[in-house]
Structure formats: structure tokens, C-alpha cells
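Just below is one structure, and these are the notes that go with it.
The values are calculated or read from the model by the stated rules, or taken from the named source; none is laboratory data. This one's a predicted model, so the numbers in the text were calculated from it and none came from an experiment. All Cβ positions, even for glycine, are placed from backbone atoms using ideal geometry, and neighbour counts span all protein chains on display. We work out accessible area using only protein heavy atoms, side chains counted, and drop any ligands, DNA or RNA first. Shrake-Rupley method; radii C 1.70, N 1.55, O 1.52, S 1.80 Å.
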Amino acid sequence: MDRLIIKGGRRLKGEVEISGAKNAALPVMAASILAAGENSIGRVPDLRDVKTMGRLLANMGAEFHYEPHRAVIKTNRIKNFEAPYELVKEMRASVLVLGPMVARYGRARVSLPGGCAIGARPINLHIMGLEKMGAKIELEAGYVKATAKRLKGATIYFDISTVTGTENLMMAATLAKGVTILENAAREPEVVDLANALIAMGARIKGAGESVIEIEGTEELKPVNHTVIPDRIETGTFMTIAGITGGDITIKGCMPEHLHAFVIKLEEAGVGFENKAGSVRVIGPARPGAVDIETAPYPGFPTDMQAQFMALMSIASGASLITETIFENRFMHVAELLRMGADINFRGSTATVKGVKKLKAANVMATDLRASASLVVAALRAEGETTIHRVYHLDRGYEKMEEKLRSLGADVKRERGKRLTSLP
Ligand code: EPU
């Protein structure tokens with residue numbers, strides 16, 4: 001298993017280019033199932049999760065080619081309607097093939113994802129929605145089996161705002177008979193990007209980005225030809241890196257408007273921003289001020305930035321409260337930050353972070369994707385050489401992280417370990 005070794009304490013300066021959004025690319029790749037033919041998706045990041053989605057589509061009979069940064073998916077010969085346990089356990093987003101498969105082929109068998117490092121994360125709302133659209137649902141041997149002659153439009157209310165749930169049902173509704181209304185739908189930019197890709201395929205969708213989405217089903221769609229949006233979480237991570245290193249980083253090819261709540265909180269902490277066309281210059285303070293945050297569905301503070309923000313607050317001049325409201329177990333990074341000298345306590349869903357003057361290098365372990373990013377953020381500020389173990393988590397979601405960091409002047413190296421073929 002690879003390790004990252006980071007010698008902290010440098011002010012990072014320069015320019016960095018943001019990659020395409022993982023969480024936008026994955027649903028658009030799944031949407032290719034909705035049409036027969038050659039689908040072409042641009043700005044797809046070169047990441048392990050993208051490869052996993054490619055393997056899943058290939059396992060179903062599609063042809064998947066990846067040439068950085070374009071994914072070409074030929075969907076003329078889909079013949080296997082299953083997402084097997086081996087792939088779903090590697091990547092929960094595999095569940096995104098459920099809606100498109102039932103909509104286009106009338107059947108799907110998808111392994112239930114089970115819990116993961118950040119929470120229980122059930123898919124009951126995805127299943128409830130498909131059932132409302134007329135699918136017959138059976139649970140057997142850890143799999144959900146959905147069948148339907150043709151899905152029919154329905155009004156579906158989500159008790160909880162769910163990103164992939166909204167995406168799955170929006171895709172399913174594009175080929176259903178009649179109109180589907182999704183209420184309390186997720187409003188994340190990735191949902192809007194998927195809706196734009198579907199509209200370009202011929203789907204009739206109104207209201208994506210608002211809490212009520214209306215989809216009028218059609219008989220047929222044409223293949224996808226779409227370029228995905230820049231990754232807002234990678235953008236936010238580099239903003240935090242500028243913040244914690246007292247750096248001066250120009251982040252190019254990004255859409256800071258997708259991070260409005262997050263940027264406001266960084267500004268409150270003393271981070272400076274200069275907007276330019278298509279890029280933003282971020283200037284870190286000598287020491288950030290303490291700021292409280294609470295995660296919330298978009299347009300609130302993103303849960304995917306909570307861990308990195310906590311790393312920043314660990315050296316703030318004062319105490320901050322960090323409340324996680326989306327996932328029940330998303331404080332796994334706390335124990336690792338403590339190893340680096342941070343002063344953090346948590347009870348339930350709120351952590352109290354008392355800023356310390358200095359973080360110190362240590363051996364730390366990545367437990368999930370964004371927790372790994374928080375350890376990178378902390379290590380860049382820490383005194384000495386931090387070793388981050390299990391960086392395969394980071395590789396799932398950050399393209400060429402260490403190359404990008406090095407180009408900004410960071411002292412980072414990767415030590416190669418034994419290759420992992422499958423994740424625990
Ligand atoms: N939930 C249910 N039932 C469902 C679906 C969701 O109870 O049927 C709950 C979840 O357990 C959670 C909450 O609803 O407590 C929100 O989860 P959501 O469904 O929105 O999460 P997701 O769609 O599984 C996506 C991203 C995550 C990101 C969350 C929240 C993708 C592929 N994944 O997950 O990204 O944290 O939305 O914004 O889009 C990451 O990239 O590191 C990552 C974890």
C-alpha cells in the first residue's frame with residue numbers, strides 16, 4: 001500500500017489546474033446505459049473510481065475506453081444487468097447503474113452497498129422511488145433486484161436530501177411513461193451537471209438545482225456527449241491548502257460559485273480571495289481565525305470539506321465548533337489529527353477544535369477519501385516529516401495530488417507499497 005511522505009512548513013505558491021469532478025463524472029458515465037451507441041464524456045478525471053465505474057460498465061457488456069481525460073463508452077451490447085458485490089464494495093457510486101438499467105432494460109440486480117467508513121449509508125430512498133415508479137423490488141442474498149415492463153411517472157418525496165438517490169431516480173424517470181416529480185431533491189451542482197447531460201441526450205427535465213425537479217419521460221434517448229464540471233471539492237481542498245500554509249495559490253479552471261458557503265467561511269477565517277476569469281487567487285493568513293461550521297446539503301457547507309476545514313481550524317487562533325449533520329461517522333480523521341498534536345474533542349456530531357500553535361509530524365492513517373485529504377492539509381503545515389499510510393483512499397478522488405502539490409513547492413514523495421487489487 002502506497003504512503004505519502006510530506007515535509008511540512010513551506011508556503012505553497014503558484015498555479016494549479018483543477019480536474020473534472022469525480023462525483024459528476026460517475027453519474028454521467030452511468031447515464032450512458034440509457035442510450036445505445038457511442039457515448040463520449042470529456043474532462044473525466046484519471047481516478048480509481050472512474051476505472052471502477054468503467055469496469056462495472058464493461059462487466060455489463062459495454063466497451064469502455066479511457067484516454068485522459070475522455071471516457072468513450074459503447075453501449076450497443078449490454079447483456080448483463082448486474083452490479084456485483086466485488087465492484088459495489090469497492091465503490092458505492094456503483095449503485096448509480098440501478099435506475100438507468102431498470103429504465104432501459106426493465107431489470108437490474110445490484111449488490112446492496114452496506115455500511116462504510118463514514119456511516120451506514122442505506123439506499124432505501126433509491127428503492128422507494130423505483131417502487132413508486134412501478135418497479136417490483138426483491139431483496140435476495142444481499143442484492144436488490146428490480147424489474148419493470150416500463151417505469152411510470154410518479155411523485156416522489158425524499159425524506160432526506162440524497163445526491164445519488166436524486167440522480168438515480170432522475171435517470172430512471174427520463175425513459176418512464178409520464179411525468180415524474182422529485183420533491184426535496186438534492187440541489188448539488190453534480191445533480192445539475194447530470195441533468196444537463198441528460199437534456200443533451202434528449203431528456204425533458206425542468207428544475208434541476210431546485211428542490212423540485214420535473215421529468216417528462218421519453219421513448220428513447222441519444223448517447224451522451226458532455227463535458228463534466230470542475231471538481232468543487234478538489235478546488236476547496238486547494239483553497240484550504242493555501243489557507244493552512246499561508247500560501248498564495250491561483251486555482252485555475254474552477255467554478256468557485258459552487259463553493260459559496262465554504263468560501264464565506266474561509267474569508268471569515270482570514271483567507272483572502274481575488275476572483276479572475278475562470279480562476280481564483282487564494283492567499284492564506286499567517287494563522288487563521290477560529291470559525292464555527294455546520295455541514296448541510298447544497299448550498300450549505302459541504303460535508304466533503306468538513307475534514308479539511310477541521311485540519312485548518314486545528315491551528316486557528318481560538319476554538320471552533322464543527323458540526324457534521326450528513327453522515328453519522330465522519331470524524332475518523334480526528335484521532336489522526338490528535339496524533340499530530342491537534343486539540344480536538346467530539347461528542348456526538350459536534351467537535352470542539354481548540355487551535356494549537358504548531359502541528360507536529362507523525363505516522364497517520366487515511367480512513368476515507370476526505371479524511372485522507374485532511375491529513376495532507378495538516379501535514380503541509382506540520383513541523384517535520386509526516387507519513388500518511390493507505391493513500392489509496394486519496395487516489396480514489398484526487399487526480400495527481402502529489403504532482404500538483406510539488407508544482408506549488410511542497411516537499412512530497414510517494415513510497416510505493418504492495419499493489420492492492422481489492423479493497424477491504
Ligand atoms: N441516505 C439515506 N437513504 C438513502 C440515501 C441516503 O438514509 O436512500 C442518507 C445517507 O445515509 C446520508 C444522507 O442521506 O446520511 C445523504 O447521503 P447522500 O445519499 O446524499 O450521499 P451519496 O449520494 O451516497 C454523495 C457523494 C458523497 C457526498 C454525499 C453528500 C457521490 C458519488 N458521492 O454520496 O461524496 O459526501 O453525496 O454530499 O456523489 C466523496 O466524494 O468523498 C463522497 C463521499
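In this structure, does Glu267 turn out to be open to solvent by 20 Å² or more (accessible area, probe 1.4 Å), at pLDDT 95 or above and part of a loop (DSSP other than H, G, I, E, B)? Walk me through it before giving the result.
On the way: open to solvent by 20 Å² or more (accessible area, probe 1.4 Å): yes; at pLDDT 95 or above: yes; part of a loop (DSSP other than H, G, I, E, B): no.
When the stated conditions are applied, Glu267 does not pass them.
Residues of the range 178-194 being within 16 Å of the ligand (Cβ to nearest atom) and not aliphatic (A, V, I, L, M), which ones? I'd like the intermediate steps shown before the answer.
If we filter the range 178-194 for residues that are within 16 Å of the ligand (Cβ to nearest atom), which is where we start, we get 182-194.
Hits for the range 178-194 are Glu183, Asn184, Arg187, Glu188, Pro189, Glu190, Asp193.
Looking at the range 101-124 only, could you name the residues that are in contact with a strand residue (DSSP E or B) (Cβ under 7 Å, 6 or more places away or on another chain), part of a helix (DSSP H, G or I) and within 16 Å of the ligand (Cβ to nearest atom)?
Pass one, the range 101-124, residues in contact with a strand residue (DSSP E or B) (Cβ under 7 Å, 6 or more places away or on another chain): 101-102, 106-112.
Checking which are part of a helix (DSSP H, G or I) leaves us with 101-102.
The one that is in contact with a strand residue (DSSP E or B) (Cβ under 7 Å, 6 or more places away or on another chain), part of a helix (DSSP H, G or I) and within 16 Å of the ligand (Cβ to nearest atom): Val102.
Out of the residues in the range 133-177 meeting the condition of being touching a residue at least 60 places away in the same chain (Cβ under 8 Å) and among the polar types (S, T, N, Q), tell me which one is nearest to the ligand (Cβ to nearest atom).
If we take residues in the range 133-177 being touching a residue at least 60 places away in the same chain (Cβ under 8 Å) and among the polar types (S, T, N, Q), then Thr164 is nearest to the ligand (Cβ to nearest atom).
Within the range 270-305, how many residues are part of a loop (DSSP other than H, G, I, E, B), open to solvent by less than 60 Å² (accessible area, probe 1.4 Å), more than 13 Å from the ligand (Cβ to nearest atom) and at pLDDT 95 or above?
Summing the residues that are part of a loop (DSSP other than H, G, I, E, B), open to solvent by less than 60 Å² (accessible area, probe 1.4 Å), more than 13 Å from the ligand (Cβ to nearest atom) and at pLDDT 95 or above in the range 270-305 gives 7.
Of these, Lys152, Lys132, Lys136, which one is charged (D, E, K, R), more than 24 Å from the chain's Cα centre (by Cα), surrounded by fewer than 17 Cβ atoms within 10 Å (Cβ to Cβ) and at pLDDT 95 or above? Let's see the steps before the verdict.
On the way: Lys152 fails: surrounded by fewer than 17 Cβ atoms within 10 Å (Cβ to Cβ); Lys132 fails: surrounded by fewer than 17 Cβ atoms within 10 Å (Cβ to Cβ).
Result: Lys136 is the single residue among Lys152, Lys132, Lys136 that is charged (D, E, K, R), more than 24 Å from the chain's Cα centre (by Cα), surrounded by fewer than 17 Cβ atoms within 10 Å (Cβ to Cβ) and at pLDDT 95 or above.
Please specify each residue of the range 19-56 satisfying the condition of being over 13 Å from Met201 (Cβ atoms), over 13 Å from the mean Cα position of the chain (by Cα) and surrounded by fewer than 24 Cβ atoms within 10 Å (Cβ to Cβ).
Hits for the range 19-56 are Gly42, Arg43, Asp46, Lys51, Thr52, Gly54, Arg55.
Within the range 46-98, how many residues turn out to be of a type outside the set (Lys, Arg) and closer than 16 Å to Ala197 by Cβ? Working first, answer last.
So in the range 46-98, the residues of a type outside the set (Lys, Arg) come out as 46-47, 49-50, 52-54, 56-69, 71-73, 75-76, 78, 80-88, 90-91, 93-98.
Pick out the ones that are also closer than 16 Å to Ala197 by Cβ and you get 50, 53, 57, 69, 71-73, 75, 93, 96-97.
Residues meeting the conditions: 11.
Taking the conditions exactly as written (in a loop (DSSP other than H, G, I, E, B) and either surrounded by fewer than 24 Cβ atoms within 10 Å (Cβ to Cβ) or more than 16 Å from the chain's Cα centre (by Cα) (or both)), does Glu257 satisfy them or not?
Values: in a loop (DSSP other than H, G, I, E, B): no; either surrounded by fewer than 24 Cβ atoms within 10 Å (Cβ to Cβ) or more than 16 Å from the chain's Cα centre (by Cα) (or both): yes.
No: the conditions fail for Glu257.
Out of the range 309-318, which residues are in contact with a Gly (Cβ under 7 Å, 6 or more places away or on another chain) and either at positive phi or open to solvent by less than 10 Å² (accessible area, probe 1.4 Å) (or both)?
We begin by selecting, within the range 309-318, every residue in contact with a Gly (Cβ under 7 Å, 6 or more places away or on another chain); these are 312-318.
Answer for the range 309-318, where residues must be in contact with a Gly (Cβ under 7 Å, 6 or more places away or on another chain) and either at positive phi or open to solvent by less than 10 Å² (accessible area, probe 1.4 Å) (or both): Leu312, Met313, Ser314, Ile315, Ala316, Gly318.
For the range 319-351, which positions are crowded, with 19+ Cβ neighbours inside 10 Å, within 16 Å of the ligand (Cβ to nearest atom) and closer than 24 Å to Ala361 by Cβ?
If the condition is that a residue be crowded, with 19+ Cβ neighbours inside 10 Å, within 16 Å of the ligand (Cβ to nearest atom) and closer than 24 Å to Ala361 by Cβ, then Ile322, Phe331, His333 are the ones that fit.
Mind counting the residues in the range 376-409 that are in a helix (DSSP H, G or I) and either touching a Ser or Thr at 6+ places or on another chain (Cβ under 9 Å) or open to solvent by 10 Å² or more (accessible area, probe 1.4 Å) (or both)?
From the range 376-409, those in a helix (DSSP H, G or I) are 376-381, 392-395, 401-407; that's our starting set.
Next, only the ones that are either touching a Ser or Thr at 6+ places or on another chain (Cβ under 9 Å) or open to solvent by 10 Å² or more (accessible area, probe 1.4 Å) (or both) stay: 376-381, 392-395, 401-404, 406-407.
Number satisfying all stated conditions: 16.
If Thr250 meets every condition in (1) under 28 Å from Ile41 (Cα atoms); (2) within 16 Å of the ligand (Cβ to nearest atom) apart from one, which number is that one?
(2)
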